[in-house]
Amino acid sequence: MKKPSDPQLLDRLSEAARQGRISRRSFLHYASAAGLTMTGATGLWTKQAAAQPQRGGTFRWGLHDGNTADTHDPGTYLSRQQIYVAHTHRSYLTMINGDGSLGPDLATSWSASADASEWTFEITPDASFHSGKKLTANDVVASLNHHRGDGSTSAAKALLSDVTDIKADGDYTVVVSLTGGNADFPWLMTDYHMAICPANADGTIDWQSGDGSGPYKIDSQEWGVRCNLSRHDGWHGEGAYFDKVEILVLNDPNARQTALVTGDVDSVSLIELKTMGLLQRNPNIVIQNIPSAGAITMPMHCNKAPFDNVDVRNALKLAMDRDEIIEKIAFGAATKGNDFHHSPAQPYWPDDIPQREYDPDQARSLLKKAGAEGLTVSLSTADSVYAGAVDMCVLYKEQAAKAGININVVREPNDGYYSDVWLKKPFTLVSWGARPTPDVMYTLAYKADAAWNESFWQNERFNEVLLQAKAELNDTLRAEMYREMAMLARDDGGTLIPFFNNFVYAHSAKVGVPDQLAASWECDGARAASRWWFTS
Amino acid sequence: MGDIARLVAKRLGLGLLTLLVVSVLIFFAVELLPGDIAQAVLGQGATEENVAALRERMGLNKPAPVRYFEWLGGAVTGDFGVSLISGEKVTTAITGRFVNTLFLATYAAVIAVPLAIILGVIVALLRNTIFDRVANVMTLTSISSPEFFLGYILILFLAVKNPYFPALASLSEGMSFGEILHRTFLPALTLVLVVTAHMMRMTRAAIINLLASPYIEMARLKGTPPWKVIVKHALPNAWAPIINVVALNIAYLITGVVLVEVVFVYPGIGQLLVDAVSKRDFPIVQACCLIFAATFILLNLAADVGAILTNPRLRHPK
Amino acid sequence: MSTFVIGYYALLIAASCLAAYFNKRTVFMLIFSLTLVSFVLGIVGGVWALQMVTGFSAALALAAGTSYAFREFLIIIASKNLAKELRTAPLTAAFGMFVIFTYAIAGIFAPAIAPYGEAEIVSSAFAPPDENLLLGADQLGRDMFSRIIFGARNTVGLALLATILAFLMGAAAGLLAATRGGILDQFLGRTADVIMSVPSLIFALLMLSIFGTNLLVIVVVVAVIYSPRVFRLTRAVAGNVVVMDYIEAAKLRGEGNWYLIRREILPNSTAPLIAEFGLEFCFVFLLIAGLSFLGLGIQPPTADWGSMVRENATLISFGDMTPLIPAAAIALLTVAVNFVVDWMLFRSSGLKEQ
């Protein structure tokens, strides 16, 4: 952390704030760390005049990723369609606010034991399911247990692996016990898998019926095609201004774009970056370009030659011209990566770590040192990883050639990419969704024994600090620890991080949006249906 | 006519055999695909543990042949099983989609087939004139652009620049028939452009192929006008290849329109099949493929019967 | 009225007078109707429309001139028999041959012709055309012109190979089935049914996912997908021929299958087969493009017209012409191939009238 009153840092932060690159919360955090008082910092944070939301209308929403085989099972939520529908018809314990802070959804408050190994959530008594049933602590316990236990088929199992017990204490209190301290546990409850469903008598959940306690209830649905919802009058939260919500799956980029231009939908969850500039000229359309914690990573297996040599890894990191990649592949809609998986959109981001720049000469000399001159490696990728994923690897190949590195770009089939290529091939391109905190990210993909330790990186010090930081409730100490971890990942780790991608989505100009949009998913953290409104 | 009835019965029997072979092929192809359904459902979030649990739940731990015969046992009694992922009955999952696909295919075929044959006869009549060349260049250009690209161009000109037709062909309940025709016009037009050229050129080729035959020469020498020579004398003998190519293209309209469905967001069966393949949802894949295969077999049978009916020599084999 | 318009009409009228004087009826009709149409267009669309007409006619005339010159060139260099055949070729066929010839040269000598490498990044993304970049740059800043040239080699080569393979397999099986009949016919017919009844994109998706996506696999899979279509057509056409009396006669003479196929059936079934070849070639082309759509096609950064269209397809909605260039390359070749096919079809039909 920089010492107080660093004018450069303040400038940088204000600039970042203006461009919307960091959240209000992080801004205040770093501004105060940089020596500003809270009121001064709040004044710096320029705010638009808040618009008054109005009720009414049908919100037609085009989504970019939906499959006919999708289901309501929270354990297998995967496509955007599932995630967006989930945030519209179900509720979670906590949620990420527009400013990036953690806010209440079903849980009105939460508290931890001193060592952060036991968490207590108080549930609102106002919540009810669409079927009319009251929502109680039992439903929460059953819903969380859906992701635990031997028979669980949930993809979120790893996330809750350190949970030892979940108990209901009365109708409206839930107590969660953990094997060790985890200061971020309430953040985990915002994960899209953690949707609350009605409990069955035997302690399982009824996800099949599609019942939920969210702002809208499902009237009719055809997976992969559409989902029609109408407002749930007994919803416990604020907002839900639209009377009805109509979700359409528009997998084709041209179909989405045309639907938005012709007014067939009011918002789309993704626009093609290469047409962003052209679309911007349309006065009826507003494009949101929100920095996120989602990242493109390129893990190198540290247990396999030639990547077992740290100099080779660093040479490959130096051989990438991130600026050109961001300009040509992400069309500027990205935050430059620095080879540690901690985005400025997440809390505790260390802002003083020197940026790694493109340096083919340095890369060449590192290779010489490692005795790996004329290095040839294969890089696996697939079109589905990221729009322009293959192009990006081809561009990198050209850049690395200047450092004397020969990269073979291998386009793998989209199908089964994550089961057959990721974690199997030694050098791949991977896309990671936004995780709320650095701890979640590091624990999932960088911890030595993590199932998804995608680079097979083993660093004792990193793992030690990770565990310390997890249980640390003091923010300043925690930030120091994350800085150390970032340095270790950057200089020793096996993951090359080109950039953190922005969420680029669009809505019609007649849709009103809050002045801050959550960065956990596209469309205001996938909660556009309950947070946005029609202005006319 | 008894011969034809016998032929139809025989071919239907063979058709069932074909379906059986297709089902075996599809089953093992899906089995051989890298990754399995459990991994596909969990995506990036798959770990060994939850994949194993999901496999257990879906009954994937039995050996493949056992699973195939279980499915087959159900299928012969009309029970095509349930989707492994959603647990929905396969028949309910497919019916609505298939009706949509059939509707779009019929819509396109009703325009394309007469258009192609009439155009084919006209260009055969006016062969090697400007009209022939222009018709050729136009139809060839239309089929040589990828169909999604054709769709994009039609959307640009007929939906965005001049909003005559909606860009999204999404259907909802309670639409009148006229409204449905209007909404689905652009995808139908795209398909018409895609299939017309093939049928038209085949008609033209089949007719021209016959024009040097002695009997045509004879008719011409008798002083029959050229159009009459073609329509009365050449066309009847050209039916066999024409019917064949028409059957092929109608089958294509039903089975091969995934990309058009994607571009116009039309809820047809193609998208369902591609999704099911990517998720390895075997019962759905199998049912879709069998529907396609059956469509194919029936259309082919129709084409063969048509060819026999239009060729007296085949009707009365020596 | 500008000098352009005056010159325009003067030229047209003079040309029609000349044509009338020399008794060239079709030419006169053509030019004179163009004059009449121009009056209407000129009133409705103004000078701009007339300029378009001029440009279009000039392009057409250029194409016709090139085709004519190319045909004469071929006649001069060809052997005597071939030259006689070539003389019967209409201008469209000559144009087709010219395009095919150009593509072949472009494909074979791609590295020598293309100013830049296939994957070489030479400028910023979507740079507009200038004297260095004839067609501008693509999304990564690679030279579009060079990629089109290399695309000719990769795409056309692959499609041609697959189509030829499909034809060899399909036609051989079809002829065999038609002549032998019986069990073999049934067996081949059913096999074809099985392959055809699985939609081609799905079939390719399954096979390529299983066997990997190297070029050999792509060629074989595509050929297998298309051979049943050829098979069915051959079978249908040859089936009609097989029941002819002269085949009966040949059979009674005791001729073998191979003789029947080669001397009797094949010559009488070539026309539809040739017509089919032209079209199948386009379909193979498009299937390979469709495969890249699914991420199963040619490996990057290899230039391939199909993927080049796909990558920038959405830009067309904003009136950007980038995706039209490779699409036009595909369309031009298809049209050219089919022009040549038309001519061959016409010749093999035995029609002598023109």
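The values are calculated or read from the model by the stated rules, or taken from the named source; none is laboratory data. Remember, predicted model here, so these are calculated numbers, not experimental data. Using ideal geometry, Cβ is built from the backbone for each residue, glycine included, and neighbour counts are taken over all protein chains shown.
Identify all residues within the range B:238-264 that are over 8 Å from the mean Cα position of the chain (by Cα), within 29 Å of A:GLY62 (Cβ to Cβ) and at pLDDT 85 or above; write none if there are none.
We begin by selecting, within the range B:238-264, every residue over 8 Å from the mean Cα position of the chain (by Cα); these are B:238-247, B:258-264.
Within this subset, residues satisfying the condition of being within 29 Å of A:GLY62 (Cβ to Cβ) are B:258-264.
Selection gives B:VAL260, B:GLU261, B:PHE264.
Which condition breaks for A:LEU260 when tested against (1) at pLDDT below 90; (2) farther than 30 Å from A:ASP491 by Cα; (3) not acidic (Asp, Glu)?
Condition not satisfied by A:LEU260: (1).
How many of the residues making up the range B:20-45 are within 30 Å of C:GLY182 (Cβ to Cβ), within 8 Å of another protein chain (Cβ to nearest Cβ) and either in contact (Cβ under 8 Å) with a residue 24 or more places away in the chain or over 28 Å from the mean Cα position of the chain (by Cα) (or both)?
Final tally of qualifying residues: 2.
Is at least one residue of the range C:82-94 assigned to a helix (DSSP H, G or I), more than 27 Å from C:ALA152 (Cβ to Cβ) and within 24 Å of the chain's Cα centre (by Cα)? Explain how you work it out, then say what you get.
Kept after step one, since they are assigned to a helix (DSSP H, G or I), are these residues of the range C:82-94: C:82-87, C:91-94.
With more than 27 Å from C:ALA152 (Cβ to Cβ) added as a condition, the list becomes C:83-84, C:87.
Filter again for within 24 Å of the chain's Cα centre (by Cα), leaving C:83, C:87.
Within the range C:82-94, one or more residues are assigned to a helix (DSSP H, G or I), more than 27 Å from C:ALA152 (Cβ to Cβ) and within 24 Å of the chain's Cα centre (by Cα).
I need a count of the residues in the range A:369-394 that are over 17 Å from A:GLY494 (Cα atoms), touching a Gly at 6+ places or on another chain (Cβ under 9 Å) and more than 14 Å from chain B (Cβ to nearest Cβ).
3
Name the residue that is surrounded by the fewest Cβ atoms within 10 Å (Cβ to Cβ), counting only residues in the range A:248-271 that are polar (S, T, N, Q) and over 17 Å from A:GLU522 (Cα atoms). First the steps, then the outcome.
Restricting attention to the range A:248-271, the residues satisfying the condition of being polar (S, T, N, Q) are A:251, A:254, A:257-258, A:262, A:267, A:269.
Next, only the ones that are over 17 Å from A:GLU522 (Cα atoms) stay: A:254, A:258, A:262.
On the way: A:ASN254: 25, A:THR258: 26, A:THR262: 15.
Going through the qualifying residues, I end up with A:THR262.
Quick check: anything in the range A:139-151 outside any strand (DSSP E or B), of a type outside the set (Gly, Ala, Ser) and without any contact (Cβ under 8 Å) to a residue 12 or more places away in the chain?
Here is the first cut: in the range A:139-151, the residues outside any strand (DSSP E or B) are A:139-151.
Now drop any that are not of a type outside the set (Gly, Ala, Ser), which leaves A:139-141, A:144-148, A:150.
Retained after the next criterion (residues that are without any contact (Cβ under 8 Å) to a residue 12 or more places away in the chain): A:150.
Yes, some residue in the range A:139-151 is outside any strand (DSSP E or B), of a type outside the set (Gly, Ala, Ser) and without any contact (Cβ under 8 Å) to a residue 12 or more places away in the chain.
Suppose we keep only residues that are within 14 Å of chain B (Cβ to nearest Cβ) and part of a loop (DSSP other than H, G, I, E, B) within the range A:282-302. Which one would you say is modelled with the highest pLDDT? Spell out how you get there, then give the answer.
We begin by selecting, within the range A:282-302, every residue within 14 Å of chain B (Cβ to nearest Cβ); these are A:282, A:284-285, A:294-297, A:299.
Restricting the remaining residues to those that are part of a loop (DSSP other than H, G, I, E, B) gives A:282, A:284.
On the way: A:ASN282: 88, A:ASN284: 91.
Selected residue: A:ASN284.
Please enumerate the residues belonging to the range A:198-229 that are crowded, with 16+ Cβ neighbours inside 10 Å, part of a strand (DSSP E or B) and among the small types (Gly, Ala, Ser).
Of everything in the range A:198-229, just one residue is crowded, with 16+ Cβ neighbours inside 10 Å, part of a strand (DSSP E or B) and among the small types (Gly, Ala, Ser), namely A:ALA199.
Identify, by number, the condition in (1) out of contact with any Asp or Glu (no Cβ under 8 Å at 6 or more places or on another chain); (2) more than 11 Å from every other protein chain (Cβ to nearest Cβ); (3) farther than 25 Å from B:GLN271 by Cα that A:LEU279 doesn't meet.
Among (1) out of contact with any Asp or Glu (no Cβ under 8 Å at 6 or more places or on another chain); (2) more than 11 Å from every other protein chain (Cβ to nearest Cβ); (3) farther than 25 Å from B:GLN271 by Cα, A:LEU279 violates only (2).
Considering the range A:397-425 alone, what residues qualify as being over 29 Å from A:ALA363 (Cα atoms) and part of a loop (DSSP other than H, G, I, E, B)? Even if it seems obvious, please write down each step before you answer.
At the first step, the residues of the range A:397-425 found to be over 29 Å from A:ALA363 (Cα atoms) are A:413-420.
If the condition is that a residue be over 29 Å from A:ALA363 (Cα atoms) and part of a loop (DSSP other than H, G, I, E, B), then A:PRO413, A:ASN414, A:ASP415, A:GLY416 are the ones that fit.
Mind telling me which of the residues C:LEU188, C:LEU184, C:LEU216 ends up being at negative phi and either under 29 Å from the mean Cα position of the chain (by Cα) or crowded, with 23+ Cβ neighbours inside 10 Å (or both)? Talk me through it step by step, then tell me what you get.
Working: C:LEU188 fails: either under 29 Å from the mean Cα position of the chain (by Cα) or crowded, with 23+ Cβ neighbours inside 10 Å (or both); C:LEU184 fails: either under 29 Å from the mean Cα position of the chain (by Cα) or crowded, with 23+ Cβ neighbours inside 10 Å (or both).
Testing whether each residue is at negative phi and either under 29 Å from the mean Cα position of the chain (by Cα) or crowded, with 23+ Cβ neighbours inside 10 Å (or both) leaves just C:LEU216.
Within the range B:200-214, take every residue that is more than 7 Å from chain C (Cβ to nearest Cβ), crowded, with 24+ Cβ neighbours inside 10 Å and not polar (S, T, N, Q) and give me the one that is nearest to C:ALA236 (Cα to Cα). Can you show your working first?
So the first thing to find is which residues in the range B:200-214 are more than 7 Å from chain C (Cβ to nearest Cβ), and the list is B:200, B:203-204, B:207, B:210, B:213-214.
Those still in the list that are crowded, with 24+ Cβ neighbours inside 10 Å too: B:200, B:203-204, B:207.
Cutting the leftovers down to not polar (S, T, N, Q) gives us B:200, B:204, B:207.
Values: B:MET200: 18, B:ARG204: 16, B:ILE207: 15 Å.
Result: B:ILE207.
Each row is one residue, and each column tells you yes or no for (1) at the interface with another protein chain (Cβ under 9 Å from one of its Cβ atoms); (2) acidic (Asp, Glu).
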position	(1), (2)
B:ASP281	yes, yes
B:PHE292	yes, no
B:ILE297	yes, no
B:GLY306	no, no
B:ASN311	yes, no
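Taking the stated definitions as given, is C:THR314 of a type in the set (Ser, Thr, Tyr), facing another protein chain (nearest Cβ under 9 Å), more than 22 Å from B:HIS198 (Cβ to Cβ) and free of Cβ contacts under 8 Å to residues at least 40 places away in the same chain? Steps first, answer last, please.
On the way: of a type in the set (Ser, Thr, Tyr): yes; facing another protein chain (nearest Cβ under 9 Å): yes; more than 22 Å from B:HIS198 (Cβ to Cβ): yes; free of Cβ contacts under 8 Å to residues at least 40 places away in the same chain: yes.
Spelling it out, C:THR314 is indeed of a type in the set (Ser, Thr, Tyr), facing another protein chain (nearest Cβ under 9 Å), more than 22 Å from B:HIS198 (Cβ to Cβ) and free of Cβ contacts under 8 Å to residues at least 40 places away in the same chain.
Going by what's in this entry, would A:PHE307 be described as among the aromatic types (Phe, Trp, Tyr), at pLDDT 90 or above, surrounded by fewer than 22 Cβ atoms within 10 Å (Cβ to Cβ) and over 22 Å from the mean Cα position of the chain (by Cα)?
Details: among the aromatic types (Phe, Trp, Tyr): yes; at pLDDT 90 or above: yes; surrounded by fewer than 22 Cβ atoms within 10 Å (Cβ to Cβ): yes; over 22 Å from the mean Cα position of the chain (by Cα): yes.
Criteria met by A:PHE307.
Test B:VAL113 against the criterion of being out of contact with any Ser or Thr (no Cβ under 6 Å at 6 or more places or on another chain), away from every other protein chain (no Cβ under 13 Å) and either closer than 21 Å to C:GLU280 by Cβ or not in a helix (DSSP H, G or I) (or both), and give yes or no.
yes
Checking A:ARG461 against (1) part of a helix (DSSP H, G or I); (2) closer than 18 Å to A:ARG356 by Cα, which single condition isn't satisfied?
Of (1) part of a helix (DSSP H, G or I); (2) closer than 18 Å to A:ARG356 by Cα, only one is false for A:ARG461: (2).
So is B:THR101 of a type in the set (Val, Ile, Thr), crowded, with 21+ Cβ neighbours inside 10 Å and over 28 Å from B:ALA206 (Cα atoms) or not? First the steps, then the outcome.
Details: of a type in the set (Val, Ile, Thr): yes; crowded, with 21+ Cβ neighbours inside 10 Å: yes; over 28 Å from B:ALA206 (Cα atoms): yes.
Yes; evaluated as a whole, the condition is true for this residue.
Could you tell me how many of the residues in the range A:426-455 are part of a loop (DSSP other than H, G, I, E, B) and out of contact with any strand residue (DSSP E or B) (no Cβ under 7 Å at 6 or more places or on another chain)? Walk me through how you get there before you give the answer.
Of all residues in the range A:426-455, those part of a loop (DSSP other than H, G, I, E, B) come to A:426, A:429, A:433-437, A:446-455.
From the residues that got through so far, the ones that are out of contact with any strand residue (DSSP E or B) (no Cβ under 7 Å at 6 or more places or on another chain) too are A:437, A:446-453.
Matching residues across the range A:426-455 total 9.
Filter the range B:75-96 for residues that are in contact with a helix residue (DSSP H, G or I) (Cβ under 9 Å, 6 or more places away or on another chain) and either at pLDDT 85 or above or small (Gly, Ala, Ser) (or both) and give the result.
B:ALA75, B:GLY78, B:GLY81, B:SER83, B:SER86, B:VAL90, B:THR91, B:ALA93, B:ILE94, listed by residue number.
Quick check on the range C:249-266. Is at least one of its residues surrounded by fewer than 22 Cβ atoms within 10 Å (Cβ to Cβ), part of a helix (DSSP H, G or I) and within 9 Å of chain B (Cβ to nearest Cβ)?
There is no residue in the range C:249-266 that is surrounded by fewer than 22 Cβ atoms within 10 Å (Cβ to Cβ), part of a helix (DSSP H, G or I) and within 9 Å of chain B (Cβ to nearest Cβ).
Give the range A:222-267 a look and list any residue that's of a type in the set (Gly, Ala, Ser) and under 19 Å from A:VAL511 (Cβ atoms), or say none. Walk me through how you get there before you give the answer.
Initial filter on the range A:222-267 (of a type in the set (Gly, Ala, Ser)): A:224, A:230, A:234, A:237, A:239-240, A:255, A:259, A:263, A:267.
Scanning the range A:222-267 gives A:SER230, A:GLY239, A:ALA240, A:ALA259, A:GLY263, A:SER267.
Could you tell me which of the residues B:ALA112, B:ALA159 is aliphatic (A, V, I, L, M), buried (at least 19 other Cβ atoms within 10 Å of the Cβ) and within 23 Å of the chain's Cα centre (by Cα)? Working first, answer last.
Working: B:ALA159 fails: within 23 Å of the chain's Cα centre (by Cα).
Step by step, each of B:ALA112, B:ALA159 is checked, and only B:ALA112 is aliphatic (A, V, I, L, M), buried (at least 19 other Cβ atoms within 10 Å of the Cβ) and within 23 Å of the chain's Cα centre (by Cα).
Counting only residues that are more than 13 Å from C:ASN268 (Cα to Cα) and more than 10 Å from chain B (Cβ to nearest Cβ), which one in the range C:229-248 is surrounded by the fewest Cβ atoms within 10 Å (Cβ to Cβ)?
C:VAL230
With respect to A:VAL245, determine if the residue is away from chain B (no Cβ under 14 Å), surrounded by fewer than 21 Cβ atoms within 10 Å (Cβ to Cβ) and in contact with a strand residue (DSSP E or B) (Cβ under 8 Å, 6 or more places away or on another chain).
Numbers: away from chain B (no Cβ under 14 Å): yes; surrounded by fewer than 21 Cβ atoms within 10 Å (Cβ to Cβ): no; in contact with a strand residue (DSSP E or B) (Cβ under 8 Å, 6 or more places away or on another chain): yes.
Answer is no for this residue.
Specify which of the listed residues (B:LEU171, B:LEU140) is modelled with pLDDT under 85 and outside any helix (DSSP H, G or I). Reasoning before the result, please.
Numbers: B:LEU140 fails: outside any helix (DSSP H, G or I).
One residue alone meets the criteria, B:LEU171.
Looking only at residues that are at pLDDT below 80 and surrounded by 19 or more Cβ atoms within 10 Å (Cβ to Cβ) in the range A:401-417, which one is farthest from the chain's Cα centre (by Cα)? Spell out how you get there, then give the answer.
First, pick out the residues of the range A:401-417 that are at pLDDT below 80: A:413-416.
Checking which are surrounded by 19 or more Cβ atoms within 10 Å (Cβ to Cβ) leaves us with A:413, A:415-416.
On the way: A:PRO413: 25, A:ASP415: 23, A:GLY416: 22 Å.
The qualifying residue farthest from the chain's Cα centre (by Cα) is A:PRO413.
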